[in-house]
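Colleague: Pasting in a structure now, in structure tokens, and then I'll have a few things to ask.
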Amino acid sequence: MDDYAFFRDQKEHFLPITPIAALKAYENNFVPITAFINKSNSTKPLDEEPFDIEVIERLLSRENLELQSNIMLFGIFEKLIFDPDQEIALFAAESINIIENRYNKRIQTLKEDLEEKENLDKISQLGSLFYELAILNKKRDAIKNFFLKEALTFYTKVEEGRDLKDNELNTYIRLLLELKLNDEAAEKLENDKRENQTLQLLLKAEVEFSRKEFVRVKAICTELLNHIENLTEKEFVMVSYWMGV
């Protein structure tokens, strides 16, 4: 959904009342980020220059932001680091540290918990946190690859102990794709037997797209249309794109 469509057809969409509700709705892909900005008394998207530092600070103050929000903030701060105003550049550098430290704190807490008792769910959380750190550091190849390999280590432990849950499989496949392990990702999906066929097909399409097997991608997308009622708007857009390749 683009921002114009959201505000033009408001009667057809979920309308958050407060800034907090708008942010939560954005993080779950119900509304565009502009809905949060609008509720926060801003007149333009958060990542549009010139940046609204006050609104950015309000968003940064929320400690439990999801990955997409952190990605957006990271992108803003990476631009602001080069701002000629040294105070703003310093704010950007410190903000990046704040986000990374939040991840490090959560990682350290989980590792301490695991020293007391083995827990596959917490090992999975560690894998997810390292994966998110890798995505946030996409412009720094060495750091990104280090975090990806850490994430893979933890997800491998989970996979050895039990079947992956839907959200874990989703992250695990994307992790393999980031590491260019496309064949391993395809093999994992072929051997995976779960009831959520929509998720499997979406991931298979993404994997085959990465492998440049475009005929196979279109065949999978045709099958996905049988599950159209289970697709989110974002997923439907992706399927439409893949079918047009």
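Colleague: Quick one: if you stick a label point 7 Å off each Cα along the C-beta vector at Asp183 and Ala93, how many nm between them?
Modeller: Output for this residue pair reads 4.5 nm.
Colleague: So how much slack lies between Lys157 and Val215, counting 0.36 nm per residue of separation and subtracting their Cα-Cα distance, in nm?
Modeller: Values: separation 58, 0.36 × 58 = 20.88 nm, distance 3.42 nm.
Gain on stretching Lys157 to Val215: 17.5 nm.
Colleague: For segment 195-245, state the semi-axes of the equivalent ellipsoid (square roots of 5 times the eigenvalues of the alpha-carbon gyration tensor), sorted largest first and rounded to whole angstrom.
Modeller: Working: eigenvalues 52, 27, 16 Å².
Semi-axes, largest first: 16, 12, 9 Å.
Colleague: Short version: ³J(HN,Hα) in whole Hz for each residue of segment 114-119, in order, from phi by Karplus 6.51 cos²θ - 1.76 cosθ + 1.60 (θ = phi - 60°), x for Gly and Pro, what are they?
Modeller: Karplus values, whole Hz, x for Gly and Pro: 6, 5, 8, 7, 5, 8.
Colleague: If I model a spin label at Lys138 and Arg102 as a point 7 Å from the Cα along the Cα→Cβ vector, what separation in nanometres do I get?
Modeller: Each label point lies 7 Å from its Cα, and together they span 1.9 nm.
Colleague: Output the pairs from Lys139/Lys193; Lys149/Lys193; Lys122/Lys144 with a Cα-Cα distance over 29 Å in this structure; if there are none, say none. Intermediate values should be presented prior to the final figure.
Modeller: Details: Lys139/Lys193 35 Å; Lys149/Lys193 25 Å; Lys122/Lys144 22 Å.
Distance filter (> 29 Å) returns Lys139/Lys193.
Throughout, read-outs are computed from the coordinates displayed, never taken from laboratory work. Please read these numbers as outputs of a predicted model, since none were measured by experiment. Counting neighbours? That spans all protein chains shown, and the Cβs are built from the backbone with ideal geometry, glycine included.
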